[in-house]
1. Restricting attention to segment 344-397, and to residues there that are surrounded by fewer than 13 Cβ atoms within 10 Å (Cβ to Cβ) and of a type in the set (A, V, I, L, M), which single residue is modelled with the highest pLDDT?
2. So ILE424 clears everything in (1) within 30 Å of the chain's Cα centre (by Cα); (2) closer than 21 Å to GLU360 by Cβ; (3) modelled with pLDDT of 95 or more; (4) outside any strand (DSSP E or B) except one condition, right? Which one?
3. Name every residue in segment 119-139 that is over 23 Å from PHE281 (Cβ atoms) and surrounded by fewer than 18 Cβ atoms within 10 Å (Cβ to Cβ), in order of residue number.
4. Out of all the residues in segment 56-85, which are part of a loop (DSSP other than H, G, I, E, B), free of Cβ contacts under 8 Å to residues at least 40 places away in the same chain and either of a type outside the set (Ser, Thr, Tyr) or open to solvent by 70 Å² or more (accessible area, probe 1.4 Å) (or both)?
5. Taking segment 247-259 as the search range and keeping residues that are farther than 15 Å from ASN231 by Cβ and more than 11 Å from the chain's Cα centre (by Cα), which one is surrounded by the most Cβ atoms within 10 Å (Cβ to Cβ)?
6. Between a residue in segment 168-187 that is part of a helix (DSSP H, G or I) and any residue that is small (Gly, Ala, Ser), which pairs come within a Cβ distance under 7 Å, given they are 6 or more apart or on different chains?
7. Restricting to segment 472-495, name every residue that is farther than 30 Å from PRO309 by Cβ, over 36 Å from the mean Cα position of the chain (by Cα) and not in a helix (DSSP H, G or I).
8. Are any residues in segment 199-234 outside any strand (DSSP E or B) and under 13 Å from ARG116 (Cα atoms), and if so, which ones?
Amino acid sequence: MSRRQRSLLIRTVLFLFALNSLSLAIYFFLHPRPAPSSETLTQTPPPSILKPWPSLPSFLPWNPNPNPPHRSCEAYFGNGFSHQVNVLGEGGNGGWFRCFYSATLRSSVCEGGRVRMDPRNIRMSKGGERLELVMGRKEEEELPRFEDGAFEIEGDGGKRSGDGRMVYDEFLDRYVPRNAVEFHAMRGLMKSMRIVGSGELHCSQWIEEPTILVTRFEYANLFHTITDWYNAYISSRVTSLPGRPHLIYVDGHCKAPLEETWEAIFTSARYAKNFSASVCFRHVILSPLGYESAMFKGLSESFSCQGTPVHNLKENPGSQKTARLSEFGEMLRAVFDLPTDENSITKASTAHNILFVRREDYLAHPRHNGKVESRLSNEPEVFDSIQNWAANQTKCRLNVINGLFAHMTMKEQLRAVYEASVVIGAHGAGLTHLVSARSKAIVLEIISSRYRRPHFSLISQWKGLEYHAINLDGSYARPKVVIDELSNIVRSLGC
């Protein structure tokens, strides 16, 4: 290439570069970047689709009854949240907020739109850490304390109070009462909520799909966690959500094995403090505390509810019958891709699983020493005796399942309960899995003199399960007594 040609090529390249720069300058001049608005995202999240509701054989519509019988089973376990209270947004623009109050449970399911959460104004530990990294941390460090501005909601253009609060103690005492709970997180959250003007809801991120907020207390205990799961499920149904919502833990607990199930039930689950800045919700739902569930209240309140197959309930309805716990048990099985119907087990009619729910040592939370208090002092002896007895049965094949739940995945635990013809165990949280048992399962609870509590006799009743108990004088169970009771039970199964 000659010197003249090289010079011409260089001038051409420089001309094209200048022309391209001029074109870009003209484009940005004619298309300026819009100024940030209250809904501008610093990072636009990818679109997500809510997990669908599974088909449940025991499902019944969650239509509210304007005048539900006060002490009916549906008022306790179903949609007794029939009193709607509109707090904000009635007929206006902007944000909205309302509660559905249950006079029977004395609690509310609340929901709102155009709500902002600023995790920087919630005082609590970050949450989600590995247990071994936070040993010794106090419980009060993990529970949320809401400062002013922790939550905001866009006003509807109506008049606001002087300090901008959305609700006051009078409203909370009526619709979100403490119910003897010293620290009521839902009350604290609502009390912190401030109304801001239109366009003042500054958010770094918007979550478009419904999101449920939950504060857990005894988060490592299966019984208390199932009451939390049940209330979150109820809240989703009462508010007629089209699919399973996102979930946010408004607490600072460390990572726990039971989170596996939270993540399976809901579309997603994350900790509030995992958000680095403010986040806004198109639709947010506040779930009642687990202490306000029928399963917990049944320990201190007397009400009569008998678990009934849903087809019987449809043919012969009654206020003292329920299939709601069966519906929920099917939900738990469904989210782990386990059968939801009663007839999926293909074993011969002469084969039966006997599930022995064991208690074993494990490290539960930062304040736990890893030792589980024994409620059956000779549990290994009883288990071995049952195994030997079952091996010598000839009329039926009896498979004794060693229910070491602390070392099983949740799917394995639920499968073991579902496939069991008989569930046996000492009083302990693991027996709460009875909510996922089949309707023909038979329960045998061994109860020491120190733990005569009604948890599992009640769950059996509310599920419609046949229940037996062996009440001990202390914590030692004579193997022969247990074997005799089991023999009578398997005889009723045709063995």
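The values are calculated or read from the model by the stated rules, or taken from the named source; none is laboratory data. As the structure is a prediction and not an experimental result, all values here were calculated from the model. Counting neighbours? That spans all protein chains shown, and the Cβs are built from the backbone with ideal geometry, glycine included. For accessibility, only protein heavy atoms count, side chains too; no ligands or nucleic acids. Shrake-Rupley method; radii C 1.70, N 1.55, O 1.52, S 1.80 Å.
1. That would be ALA391.
2. Of everything listed in (1) within 30 Å of the chain's Cα centre (by Cα); (2) closer than 21 Å to GLU360 by Cβ; (3) modelled with pLDDT of 95 or more; (4) outside any strand (DSSP E or B), ILE424 misses just condition (4).
3. Within segment 119-139, GLU129, ARG130, GLU132, LEU133, MET135, GLY136, LYS138, GLU139 meet the criteria.
4. PRO61, ASN63, ASN65, PRO66, ASN67, PRO68, HIS70, GLY80
5. HIS253
6. Partner pairs satisfying both residue conditions: TYR175/SER108.
7. Answer for segment 472-495, where residues must be farther than 30 Å from PRO309 by Cβ, over 36 Å from the mean Cα position of the chain (by Cα) and not in a helix (DSSP H, G or I): ASP473, ARG478.
8. Answer for segment 199-234, where residues must be outside any strand (DSSP E or B) and under 13 Å from ARG116 (Cα atoms): GLY199, GLU200, LEU201, HIS202, CYS203, SER204, GLN205, GLU208.
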